[in-house]
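The values are calculated or read from the model by the stated rules, or taken from the named source; none is laboratory data. Worth saying up front: this structure is predicted, and the values here are computed from it rather than measured. Neighbour counts run over all protein chains shown; Cβ positions are idealised from the backbone, glycine included. Side chains included, ligands, DNA and RNA excluded: accessible areas come from the protein's heavy atoms. Shrake-Rupley method; radii C 1.70, N 1.55, O 1.52, S 1.80 Å.
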Amino acid sequence: MFSAEQSCWFVRKVICWRAAASIAWAVLLLPPITAVFVILSKFSLLHPIQTISECLSLLTSASAVFSLILLCGVILMVGFLNLEYYTVIPTIACSKIALLGQLLHPRQLVNSLVHCIMGIIVAWCCAITIGGRYETLGYPCAQSDGDSSPQMCLNEYHLILLLAGAFVGFSYSLLGVIHNMNYVSFHTVQQYKYLRFKGSLPLVVKCSATQALKSVRNYVVVYLFLGYIPKAWICKTLNLHLNSSAHPLDSIAGLLDFSLLYHLWISASFLLFTWHITLLLFRIFVTEVYSFPVQSSFTEDVHQCLPKVLTDNQPMILKFLALQDLALLSQHSPSRRCEVFSLSQPGGHPHNWNAISKECMSLLADLTQRLVAYHDTVATNGRAKSLSTGSERKTSSETSVTSGTDDLMSPRPTFLMKTPASVFARSIVGGPQSPLTAPFTPDLDSPFASPALRRLTAPVEQCSPWFGTVQSPHVMRRGPKLWSTSTDSQVNGSPQSSPASVPSPKQEPSKPSLLAQFLQNRKEQLPEASSQALFADSQAHIWALEGLSYLVQASFSEDQFGVVQTTLPSILSCMLVLQEAVDRHFKLPHASSKPVRSTGSMGDSTYKTLRFALRATLKTAIYRITTMFGNHLNAIQMSAEHRKRLQQFLEYKE
Amino acid sequence: MCSLALFPPPLPSGQTTLCESNNELLSGATTEDRLKQESSPLSLYFPRESLKLHSRTESSSKAAFLDHSETLWMRSAAAWRDGGLTGLLNEITNSHTDVPKCLSVSSGCILALLRKISSFHGSLFPHLTLSSEDMIAEFSQVLNWSDCVVRAFAWHPHTDKFAVALLDDSIKIYNPKSVTTPTLKHRLQRSVAAVQWKPLCASALAVACQNCLLVWHVDPCSLSTRPSSGCAQVLSHPGHSPVTSIAWSPSGSLLVSASPMDTAMMVWDVASESCVPLQRVGGGGVSFLSWSPDGSHVLASTPSALFRVWETRMWTCERWPCVKGRCQSGCWSPDGSRLLFTVLGEMVIYALTFTDTPAGVPTSTSKGPQAAAVVADLSETTFNTPNGDVIIGGEIQSLAWDPTGERLAVLLKGDPQAADRRPAIIAVFKTRTNPIFELLPCGFIQGELGAEPRLMQFHPNFQHGALLTVCWSSGRITHVPFYFMGAGVPHFGLSGSPSVPRPQAGPADFSNHSLFTELIS
């Protein structure tokens, strides 16, 4: 499972340690949180002194220490799951059925099961600490038929608390998928870890409490109707009896017990709070800025330097942190910029700048390609396209599968930013067959995969000829019409500039299975989601744009050897082409609609607005260059169309 | 130290300052001169009568309808919606007939307790008791904001267009190159305290309003004169109103906003409409923000005698407690190394110098100076003019430093109630930051008779020196150019100090006085 990651020095040396530190802090925070929980759960207005003394004696008891150890174990497990399931590129389900596919994925089922069990453990600890009527599962009771021998009866209060733990744990893992809780976003405002933690703490408290309230509400309803099933099962397996004199709790009268509801809520809040704190700490630690050296004098360290690290595709977090570091260094650090502009010592080649600019431009070109392809299918088919083709176009426009056959075809696959990293995908990331992109879930290993789907996800050619040197997107737009004669043209409707590059091995017309067709037709497309999915990894593009534009701006005064000058035309044209593609994308009706803002959830919804952030950053980046260079830009070789476009920017008319 | 005594005397009344040329402020009294100045396309006049003001507030429409009785539940729900918890308690307390006695009594008690707590809080921070209009007037950089026709003004950082916020809550955008002047109106755009254009962008304009922040996207190529409210992004955060000050980062990526009611300063990522609250203990709010031109620091002053200087890389801050009052205004030198600020209740300008942190080394706090130095004294000074003695000086409303760092404009509050009637006036200093920091007197800027300056701003990229735009109490907007050669421009003769004052006809020979000079050390 870990084979791919262990090979990477970064995961071994940095990410694991960061995760370990975050878990350690979460464990350290556990005793105070537990103390607060104990006080809140036992608090009574009428006897405050008694409450405090009770709490103190409880906290020092052996059972409390034991349950604390258990809770530590749970936190360790949660932290481990966070590390295992996190992703920097969110998984966006484009349709309801895709979401269902995510939820029913085996990996997700395992996750849910583990969360259920952990929920039971935490609830058991809660039951022990609250004490009183919740403490044990069975209790001796008198037999109803007058027999004097005592027998064990089921304590339904204990059971209801344990089941509540399981339910909350399950809904936590379920909502985790729906709200993309495993998505780790990067903040634009850098702050120290402690301050970030302090700033987000009130939010975590609030969202744990509200989430607990909602879960308990749902749980109570479920228990009211289905509570007899687990009750009977437990009684049967553990040979317990039901006390006929006690009120059954799966009735309206039994559930209208205020103290019971309060204890359920406070236990659920405690559970969610500890888990959310662990998640928050993990996010804060893992997104901390990492400073990569720009160049190293030792050859064994070269693979850790920024130009090399930027080109690495796996793990994704490494690429993101490298791009973040690039954006920051280009903005704040003149000495490190100087290293970027420096020439290699012998040879006099600007290797650092070449590697960095090439990588950034290939990222941008990839996004342009994706957008053009997307827009192309939309434009040729019109808005009123059938739903099934809607899914196809996305599949074709976005997928970038580096399967074995494909590797043979493309000698050097240009790095295409994969949007995989679905929750389920990380385990197979290192394998020869990389996962499908998230937006087209169900992916290949999902239960819904079918030959048809596999066919649809046939590789888009990797060696795009217009990497960095695009003349005009019109060429690209014409591509499919010119070259594709097969019926699959739409499927592979991505820009193809030469007939030779049409992927042949997977072109055999394979009949889609009935089930797949049914599912395809069932797919109720969420147009905004498809737009979100298109920009799911745009944080990387934003950093690439910032890094490039700041470096170019700084080069005006800092670049002694003129290394930037040689690439300036291609950088500008790359940005302008992207600008055009982004503009066209935002003309689509769903693209510019603002997503509803969710506040009460721990799930980070930054990804929903990434396309707006990208648009703003792109414009700012072009303006940054034009404002710095001004009329000097007229001396640059570029096509008339681009010059016209650039003139708009020079006159501040965009 | 430079003081007002070194200034040339103010012009006789009726004369207006036109421009600075050859190190001398030129004035004109004839209508011909004035017409010449006013005929330029950017000079504007907004007579108060031309503005359609709101005759009533929204809530007052209640009086127009017949009173009818609603059920207690309906009333309570309405009170909760309109007035929150206090409104609900008020409603319960007041409806004796419908609710049980114990409930109304207990809610009355809670209400009284809440009021006690809030009045205690208010006694700690007196500004919290102000209404939001008064609060904006109190903390705005505009002199006498509530009575001002032009409430806010902003030049575009790269082009010759500007935005003017008027008393009737509309914003007009003027561009000499285009015939259309878009008027921006929005339901939420009330009591505009500040406007600012986004740097490195042609279209985005941030507006600080009473309840929220608006970011307009005004397409410069559009011919529409009334952009729809769909062009505006609404940024709001609970508890963050009224917004009195905003500042864009010079790189155009972030926007900070401040409200005296909110102890947290908000850093907005405008495109994604998300914000990060930056909160520190003390101060009771944030009233004024200013981002240094190099982007490295942000000045954030609070309503109490304390201001903070944030460094923008890791967003840590330095606390600067003042002795006397709150920091009223501040401005940064073009290279971001020097901060000039004024304190309410004092008549001097202070300077703080920030040395650059070593490049690439992230330090926890920016290494700053230990104490602020007084660089100018603007206490009251009597000038003998042919029309009699004129007293000028006093507290400072706002500061503005031109983008080349050669002129510093200071808006003095004046005192219309005083017996000797000190008028509000703009004093302009010549400044030099290299090789040593110097402040030299330049002169006063006066408008036509009876008009007081209310608001001023320098043009961000004027080619021939500096251009100061002044909004007057009469509703007029004029532009006063200062023609000079910048120190950055190489030229012959004088080595690097072209703007040394050589008063040919200056009445006071102030070149002999000791002027404020700071040693390089």
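Could you grab me the full set of residues in the stretch B:435-461 that are more than 21 Å from the chain's Cα centre (by Cα), assigned to a loop (DSSP other than H, G, I, E, B) and touching a residue at least 60 places away in the same chain (Cβ under 8 Å)?
Listed by number, the residues that qualify are B:P435, B:I436, B:F437, B:E448, B:L449.
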Go through the residues of the stretch B:150-160 one by one and say whether even a single one is part of a helix (DSSP H, G or I) and more than 14 Å from chain A (Cβ to nearest Cβ).
no
Could we say that A:L175 is touching a Phe, Trp or Tyr at 6+ places or on another chain (Cβ under 8 Å), more than 14 Å from chain B (Cβ to nearest Cβ) and in a helix (DSSP H, G or I) here?
no
If you scan the stretch B:178-202, which residues turn out to be within 14 Å of chain A (Cβ to nearest Cβ) and either within 17 Å of the chain's Cα centre (by Cα) or free of Cβ contacts under 8 Å to residues at least 24 places away in the same chain (or both)?
B:W197, B:K198
Of the residues A:T606, A:T620, A:T599, which is open to solvent by 20 Å² or more (accessible area, probe 1.4 Å) and either at the interface with chain B (Cβ under 9 Å from one of its Cβ atoms) or modelled with pLDDT of 90 or more (or both)?
A:T606
Which one is farthest from the other protein chains (Cβ to nearest Cβ) among residues in the stretch A:323-338 that are under 20 Å from A:V88 (Cβ atoms) and either touching an Asp or Glu at 6+ places or on another chain (Cβ under 7 Å) or open to solvent by less than 10 Å² (accessible area, probe 1.4 Å) (or both)?
A:L323
List every residue pair whose Cβ atoms sit under 8 Å apart, with the two residues 6 or more apart in sequence or on different chains, where the first one lies in the stretch B:99-110 and is part of a loop (DSSP other than H, G, I, E, B) and the second, anywhere, is open to solvent by less than 80 Å² (accessible area, probe 1.4 Å).
B:V99/B:L72; B:V99/B:I92
Among the listed residues B:L223, B:L205, identify the single one that is out of contact with any Asp or Glu (no Cβ under 8 Å at 6 or more places or on another chain), among the aliphatic types (A, V, I, L, M) and either within 9 Å of another protein chain (Cβ to nearest Cβ) or part of a loop (DSSP other than H, G, I, E, B) (or both).
B:L223
Where in the stretch A:266-363 are there helices (runs of 4 or more DSSP H), lying wholly inside it, with at least 3 residues that are closer than 30 Å to A:M602 by Cβ?
A:316-332
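I need the strands (runs of 3 or more DSSP E) fully contained in the stretch B:340-427, keeping only those with at least 3 residues that are out of contact with any helix residue (DSSP H, G or I) (no Cβ under 8 Å at 6 or more places or on another chain) and modelled with pLDDT under 90. Before you say what the answer is, go through the steps one by one.
Details: elements: B:348-353, B:373-377, B:381-385, B:388-392, B:396-401, B:407-412.
In the stretch B:340-427, B:381-385, B:388-392 are the strands (runs of 3 or more DSSP E) which contain 3 or more residues that are out of contact with any helix residue (DSSP H, G or I) (no Cβ under 8 Å at 6 or more places or on another chain) and modelled with pLDDT under 90.
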Helices (runs of 4 or more DSSP H) fully within the stretch A:538-647 counting 3 or more residues that are in contact (Cβ under 8 Å) with a residue 60 or more places away in the chain, under 35 Å from the mean Cα position of the chain (by Cα) and over 30 Å from A:V184 (Cβ atoms):
A:563-587
Can you spot a residue in the stretch A:181-190 that is more than 23 Å from A:L162 (Cα to Cα), free of Cβ contacts under 8 Å to residues at least 40 places away in the same chain, polar (S, T, N, Q) and open to solvent by less than 40 Å² (accessible area, probe 1.4 Å)?
no
Specify the residue that is farthest from B:H156 (Cα to Cα); the eligible residues are those in the stretch B:169-223 that are among the charged types (D, E, K, R) and modelled with pLDDT of 90 or more.
B:R187
With the structure loaded, tell me whether B:A351 is out of contact with any Pro (no Cβ under 7 Å at 6 or more places or on another chain), more than 14 Å from chain A (Cβ to nearest Cβ) and within 25 Å of B:I396 (Cα to Cα) or whether it fails that test.
yes
Would you point out the residue of the stretch B:270-301, among those that are assigned to a loop (DSSP other than H, G, I, E, B), more than 19 Å from the chain's Cα centre (by Cα) and within 12 Å of another protein chain (Cβ to nearest Cβ), that is nearest to B:S257 (Cα to Cα)?
B:V270
Which one is nearest to the other protein chains (Cβ to nearest Cβ), of the residues in the stretch B:250-265 that are part of a loop (DSSP other than H, G, I, E, B) and over 16 Å from the mean Cα position of the chain (by Cα)?
B:G252
Only one of these is crowded, with 20+ Cβ neighbours inside 10 Å and either modelled with pLDDT of 90 or more or within 13 Å of chain B (Cβ to nearest Cβ) (or both): A:A591, A:A613. Name it.
A:A613
By residue number, the members of the stretch B:228-243 that are closer than 18 Å to B:T180 by Cα and more than 26 Å from the chain's Cα centre (by Cα) are B:S228
Search the stretch A:285-309 for residues that are without any contact (Cβ under 8 Å) to a residue 60 or more places away in the chain and pair each with any residue that is among the hydroxyl-bearing types (S, T, Y) when their beta-carbon atoms are under 7 Å apart and the residues are at least 6 apart or on different chains.
A:V302/A:S296; A:C305/A:S296
Got a number for residues in the stretch A:57-80 being assigned to a helix (DSSP H, G or I) and either basic (K, R) or open to solvent by 20 Å² or more (accessible area, probe 1.4 Å) (or both)?
15
Determine whether the stretch A:624-644 contains at least one residue that is of a type in the set (S, T, Y) and more than 11 Å from every other protein chain (Cβ to nearest Cβ).
yes
For the stretch B:403-431, give me each residue that is farther than 30 Å from B:L449 by Cβ and open to solvent by 40 Å² or more (accessible area, probe 1.4 Å).
B:P403, B:T404
For the stretch B:228-273, give me each residue that is out of contact with any Ser or Thr (no Cβ under 9 Å at 6 or more places or on another chain) and either under 23 Å from B:C331 (Cα atoms) or among the hydroxyl-bearing types (S, T, Y) (or both).
B:S228, B:S229, B:S236, B:W248, B:A264
Just give me the residues in the stretch B:322-339 being under 18 Å from the mean Cα position of the chain (by Cα), part of a loop (DSSP other than H, G, I, E, B) and among the hydroxyl-bearing types (S, T, Y), in sequence order.
B:S333
Just give me the residues in the stretch A:231-252 being free of Cβ contacts under 8 Å to residues at least 40 places away in the same chain and closer than 12 Å to A:N155 by Cα, in sequence order.
A:H247
Quick check: anything in the stretch B:305-321 open to solvent by 20 Å² or more (accessible area, probe 1.4 Å), more than 14 Å from every other protein chain (Cβ to nearest Cβ) and either within 19 Å of the chain's Cα centre (by Cα) or closer than 16 Å to B:W248 by Cα (or both)?
yes
